[in-house]
Amino acid sequence: MFIGSIVACLLVATVAATPFTNCQEGAPPTALRVEGCDKAPCKLRRGTNVSAEWDFSVNADTEHLTPRVRATTLGITVNYPFPQKDACETLEDKSCPLIAGDNVTYKLTMPVARFYPIVSLSIEFAFLDDAGQVAVCFKLAAKTV
């Protein structure tokens with residue numbers, strides 16, 4: 001019984017919810033989980049990969065989900081050259097085309113390059129549907145370490 005409780009606590013700790021901020025456009029995810037981050041800012045260790053997943057509901061039929069990633073630091077916002085062109089490629093338990101109302105989970109693995117400077121930043125993740133409308137969007141407070 002005691003060992004089972006310890007295992008349950010460890011599982012909860014590894015999948016704890018990560019805090020985020022809503023965007024001005026698009027619906028927020030219903031849940032966000034960034035590995036190793038249960039409070040802001042999330043520490044992104046240079047030279048490693050960040051693993052995350054988020055749950056969201058699609059508000060319109062779509063065949064693709066185009067990622068849009070922006071990073072803001074020191075008052076400057078830049079588009080991050082996200083390598084994946086269609087987020088449908090790494091959805092869990094679903095595939096595109098998606099129908100309005102579908103609940104999906106997106107799985108992210110993103111490298112944090114060694115040469116990134118040590119800074120605090122805000123990262124905005126958004127997926128656009130076929131009509132160019134924001135299907136889901138959130139901002140994550142982070143710091144490279």
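Using 0.36 nm per residue, how much length does the chain from Ala100 to Lys143 gain when fully extended, once their Cα-Cα distance is taken away?
Going from the current span to full extension adds 12.0 nm.
Compute the accessible area per residue over the chain, keeping the other protein chains in place, probe 1.4 Å, unit Å².
So the chain comes to 60 Å² accessible per residue, rounded to a whole number.
Output wanted: per-residue J couplings in Hz (rounded whole) for the stretch 52-67, from phi through Karplus 6.51 cos²θ - 1.76 cosθ + 1.60, θ = phi - 60°, x for Gly and Pro.
8, 8, 9, 9, 7, 10, 7, 9, 8, 4, 7, 9, 9, 10, 8, x
First compute the accessible area of the stretch 11-142 with a 1.4 Å probe, then give the percent of it belonging to carbon and sulfur atoms.
On the stretch 11-142, the fraction of accessible area on carbon and sulfur atoms equals 54 percent.
Output ³J(HN,Hα) for the stretch 27-41: one whole-Hz value per residue in order, computed from phi by the Karplus curve 6.51 cos²θ - 1.76 cosθ + 1.60 with θ = phi - 60°, and x for Gly and Pro.
For the stretch 27-41, the Karplus curve yields 7, x, x, 7, 7, 10, 10, 10, 4, x, 10, 10, 8, 8, x Hz.
What residues have an amide H closer than 5 Å to that of Thr48, excluding those fewer than 5 places away on the same chain, when H is modeled at 1.01 Å from N in the peptide plane?
Here Val112 satisfy the definition.
Which far-off residues, 5 or more places away or on another chain, put their amide H under 5 Å from the one on Leu65, with H placed in the peptide plane?
For Leu65, the qualifying residues are Ala87, Cys88.
Going by Cα centres, the stretch 105-134 and the stretch 19-83 are how many Å apart?
5
Ordering Thr30, Thr48 by how much accessible area each has at a 1.4 Å probe, largest first, what is the list?
Largest accessible area first, the residues go Thr30, Thr48.
Can you give the direction-averaged projected area of the convex hull of the alpha-carbon atoms in the chain, in nm²?
Reported value for the Cα convex hull: 9.7 nm².
When the helix-only estimate is applied to the chain (DSSP H runs of n ≥ 4, each -39,500 (n - 2.57), divided by the residue count), what is the mean residue ellipticity at 222 nm, nearest 500 deg cm²/dmol?
For the chain, the value works out to -3000 deg cm²/dmol.
Restrict the search to the stretch 31-116; then list the chymotrypsin sites (Phe, Trp or Tyr not before Pro) that DSSP places in a loop and that have at most 16 other Cβ atoms within 10 Å of their Cβ.
When the chymotrypsin sites (Phe, Trp or Tyr not before Pro) of the stretch 31-116 are filtered for loop state and at most 16 Cβ neighbours within 10 Å, Phe115 remain.
Restricting attention to the stretch 41-103, which GluC sites (Glu not before Pro) occupy a DSSP loop and are surrounded by at most 16 other Cβ atoms within 10 Å?
Passing sites in the stretch 41-103 are Glu63.
The values are calculated or read from the model by the stated rules, or taken from the named source; none is laboratory data. Everything quoted here is computed from the prediction, not taken from an experiment. Positions of Cβ are backbone-derived with ideal geometry, glycine not excepted, and every protein chain shown enters the neighbour counts. Heavy atoms of the whole protein, side chains included, go into the accessibility calculation; ligands, DNA and RNA do not. Shrake-Rupley method; radii C 1.70, N 1.55, O 1.52, S 1.80 Å.
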